[in-house]
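Q: Input: one structure, supplied below.
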Amino acid sequence: MNRHPDVTRLSSETLVTGRVFGVVRERIALPSGLEQDLLLVDHPGAVCVAPITDEGRLVLVRQYRHAAGAWLVELPAGRLEEGEEPLAAARRELEEETGYIATDWKQVTRFFAAPGFCSEVLTLFVARGLEKVPGGGLEADPDEEIELVERTLDEVLHGGEVEDAKTLLAAALLRLEGRDAS
């Protein structure tokens, strides 16, 4: 995990090392002298892709998210593999989760998902010029059960179905840029 140079790490202990992330207990001192005890999720980072059809609709995935206890509609997304560049990961995730490739890619922004307890930084891409890969493309992860859905930006922003922050953020940014066919 990156640290600000003015913050002193007094101790650090890895409590759990999982397939996707680790859990770390750290004690830090802020420049004021205030000390904090923290439990943090140490995450390698991730990408999310806003794939837009020629008709201006977002291609989204519906999948079960146990932490939310619900089937969520969200952007295709996934974690960075060790040493993987964000654009390469975005291309891989788009093909794995949707069966599409794209000819036009734009990095829109980077953001923290939950900086109060998690180091995960997501890089958001917009993908256009979508083409279905013959045979379905790359194979999805074996622990994923995904259904594709398409929604307009209005449906994402005002339909009440989408509760995923990265998806709402992407739709709002696209709306601000005027890049939809509603």
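Q: Placing +1 on the Cβ of each Lys and Arg and -1 on the Cβ of each Asp and Glu in the range 44-121, which of I52, L72, P86 has its Cα farthest towards the positive end of the resulting dipole?
A: L72
Q: Mind listing the phi-derived Karplus ³J(HN,Hα) values for the range 117-131, rounded to whole Hz, using 6.51, -1.76 and 1.60 with θ = phi - 60°, and x for any glycine or proline?
A: 8, 9, 7, 4, 10, 9, 10, 9, 10, 9, 10, 10, x, 6, 9
Q: By how many degrees, between 0 and 90 and to the nearest 10, does the Cα long axis of helix 86-98 differ from the longest principal axis of the chain?
A: Approximately 50 degrees, to the nearest ten.
Q: What residue among L58, L72, L153 has the largest mean-square fluctuation in a Gaussian network model of the chain, using Cα springs under 10 Å?
A: L72
Q: Could you line up V73, V16, V149 from fewest to most neighbouring Cβ atoms inside 10 Å?
A: In order of increasing Cβ crowding within 10 Å: V16, V149, V73.
Q: Please report R62, R3, R151 as a ranked list, fewest other C-beta atoms within 10 angstrom at the top and most at the bottom.
A: Ordered by Cβ neighbours within 10 Å, fewest first: R3, R62, R151.
Q: Mind telling me which of H66, H43, H158 comes out most flexible in a GNM of the chain, alpha-carbon contacts under 10 Å?
A: H66
Q: Would you look at the GNM of the chain, springs on alpha carbons closer than 10 Å, and say which of I52, I28, I146 moves the most?
A: It is I28.
Q: Next up: Tell me, how many Å apart are the Cα centres for the range 1-52 and for the range 54-117?
A: 22 Å
Q: As I understand it, the value is the acute angle between the Cα axis of helix 165-177 and the longest principal axis of the Cα atoms of the chain; what does it come to in degrees, rounded to 10?
A: So the inclination is approximately 60 degrees.
Q: Here's something else I'd like to know. If you stretched the chain out fully between L15 and E161, how much longer would it get, using 0.36 nm times the residue separation minus the C-alpha to C-alpha distance?
A: 49.0 nm
Q: Provide D164, D143 in ascending order of the number of other Cβ atoms located within 10 Å of each residue's Cβ, fewest first.
A: Lowest count first: D143, D164.
No value in this document is a laboratory result; all are computed from the given coordinates. This structure is a prediction, so every number in the text was calculated from the model and none was measured. Every residue, glycine as well, gets a Cβ built from its backbone with ideal geometry; the counts of neighbours run over all protein chains shown.
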